Structure formats: C-alpha cells, structure tokens
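In what follows, a single structure is set out as structure tokens and then discussed.
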Amino acid sequence: RIAALAPGKFQLSATARASGSADPLLAIARPANTSKELRLVLAPLARVKGRVVMNGSPVEGAHVVAAHPGPVRGPQPGPTATSQADGTFTLDGIPFGTTAFSASPFSVTTPKMLEVKQALHDGVVLEVGKLATLRGRVLRNGKPVAGAEVQYMPLTPQAVAATADANGTYVLDG
C-alpha cells in the first residue's frame with residue numbers, strides 16, 4: 001500500500017537485489033477508490049561496464065544513460081553514470097533486452113544499441129562525436145555582461161551551461 005497517494009496517472013516499477021521490473025506499469029489512481037491488485041514482475045538486471053572514447057581517446061565527464069524501449073511513451077531512461085578520466089563507466093540495473101545509450105554532451109556513434117543477454121557485459125566501447133557549438137555574447141544596453149549564466153536546455157534531461165567572461169563572451173560546447 002502506498003499511503004497519501006494523490007489521484008492521477010503513475011508509472012510503477014520495483015527493484016530488489018539484482019532484479020527489477022523491466023518495464024514500468026501504468027497505473028491510474030482515482031479518488032476514494034482502491035485499484036485492483038497491480039502485479040509488478042521482477043526479472044534479473046545486468047551490469048554494463050565500458051569506456052567512452054572519441055577518436056580512440058578517453059572521454060571524461062560524459063553523462064552515460066542506458067534506455068530501453070518501454071510500453072509507455074517511447075524509450076524509458078534507465079541507469080546513469082559519469083565517465084571517469086580514463087573514459088570508464090559502470091551502469092548497474094539494466095534490464096535484459098535491447099538497450100540504447102546516450103552520453104551527453106556528445107552523440108553516441110557506436111554502438112547505437114546493445115542486446116543485453118547476460119548479467120555482465122564488460123568492455124563495451126561507446127564511440128562518441130561532438131555535437132554543435134554555440135558561441136555568442138551577452139550584452140545589456142550594448143555593453144558586455146560579465147558573469148551572465150547562459151544555459152542550453154535540450155529536451156533530454158541534462159542541460160549545458162557556461163559563464164560569460166569579462167567581454168560577455170560564452171561558448172556552449174556539445
């Protein structure tokens with residue numbers, strides 16, 4: 001039982017010791033009603049270990065996300081990790097089946113998808129490429145604004161930010 005649940009639509013999932021629900025379950029809570037029993041089926045989850053590289057060199061600081069197709073509104077974001085100085089990352093809790101990767105602020109060129117069929121996938125190499133770069137100046141009444149915060153807010157969860165220098169100049173690298 002989930003106490004103090006407001007009416008509305010929810011996605012339910014469950015996890016327990018190296019297993020979890022592969023797909024979220026859509027549930028609708030109505031005022032003053034008790035739903036039918038909702039069953040969440042747990043399946044084994046996997047670990048994916050690998051490296052993020054660009055032109056063969058390690059990439060530090062990439063925000064790696066594993067997503068798998070779900071029954072509700074397209075790919076469901078899953079586990080996340082940040083690549084280390086040597087490009088390595090570890091993602092725990094990945095459902096078996098097809099998994100897609102993103103590694104912002106870069107574009108993953110290969111592999112686009114990975115078929116997760118075992119509890120450990122080690123040695124996955126995510127080759128990434130640069131995205132676009134935006135450059136500009138922040139001005140107020142024709143004068144540079146030093147320290148202005150410029151943000152790019154994509155449709156994906158991670159935003160990119162830069163701080164303008166004394167000339168009001170900023171660079172947002174993708």
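Looking only at the range 28-54, which residues are among the hydrophobic types (A, V, I, L, M, F, W, C) and either in a loop (DSSP other than H, G, I, E, B) or surrounded by fewer than 15 Cβ atoms within 10 Å (Cβ to Cβ) (or both)?
Answer for the range 28-54, where residues must be among the hydrophobic types (A, V, I, L, M, F, W, C) and either in a loop (DSSP other than H, G, I, E, B) or surrounded by fewer than 15 Cβ atoms within 10 Å (Cβ to Cβ) (or both): ILE28, ALA29, ALA32, LEU38, LEU40, VAL41, ALA43.
Residue check, ARG47 against (1) under 16 Å from the mean Cα position of the chain (by Cα); (2) of a type in the set (Lys, Arg); (3) within 23 Å of PHE10 (Cα to Cα), all met but one. Which one?
With respect to (1) under 16 Å from the mean Cα position of the chain (by Cα); (2) of a type in the set (Lys, Arg); (3) within 23 Å of PHE10 (Cα to Cα), ARG47 is out only on (3).
Do we find that VAL59 is surrounded by 14 or more Cβ atoms within 10 Å (Cβ to Cβ) and among the aliphatic types (A, V, I, L, M) in this structure?
It is true that VAL59 is surrounded by 14 or more Cβ atoms within 10 Å (Cβ to Cβ) and among the aliphatic types (A, V, I, L, M).
Residues being open to solvent by 70 Å² or more (accessible area, probe 1.4 Å), touching a residue at least 60 places away in the same chain (Cβ under 8 Å) and outside any loop (DSSP other than H, G, I, E, B): count how many of those fall in the range 1-27.
Of the residues in that region, 2 qualify.
Restrict the check to the range 74-88 and report whether at least one residue is under 14 Å from ALA46 (Cα atoms), at pLDDT below 85 and either of a type in the set (Val, Ile, Thr) or open to solvent by 20 Å² or more (accessible area, probe 1.4 Å) (or both).
Yes; the residues of the range 74-88 include at least one that is under 14 Å from ALA46 (Cα atoms), at pLDDT below 85 and either of a type in the set (Val, Ile, Thr) or open to solvent by 20 Å² or more (accessible area, probe 1.4 Å) (or both).
Applying the selection to the range 108-121, what residues are without any contact (Cβ under 8 Å) to a residue 60 or more places away in the chain and assigned to a strand (DSSP E or B)?
VAL108, THR109, THR110, MET113, GLU115
Residues in the range 125-139: is at least one out of contact with any Gly (no Cβ under 7 Å at 6 or more places or on another chain), among the β-branched types (Val, Ile, Thr) and touching a residue at least 60 places away in the same chain (Cβ under 8 Å)?
Yes; the residues of the range 125-139 include at least one that is out of contact with any Gly (no Cβ under 7 Å at 6 or more places or on another chain), among the β-branched types (Val, Ile, Thr) and touching a residue at least 60 places away in the same chain (Cβ under 8 Å).
The values are calculated or read from the model by the stated rules, or taken from the named source; none is laboratory data. What you see is a predicted model; the values in this text were computed from it and never measured. Glycine gets a Cβ as well: all are built from the backbone with ideal geometry, and neighbour counts include every protein chain shown. Note: accessible area is taken over every heavy atom of the protein model, side chains too, but ligands, DNA and RNA are not part of it. Shrake-Rupley method; radii C 1.70, N 1.55, O 1.52, S 1.80 Å.
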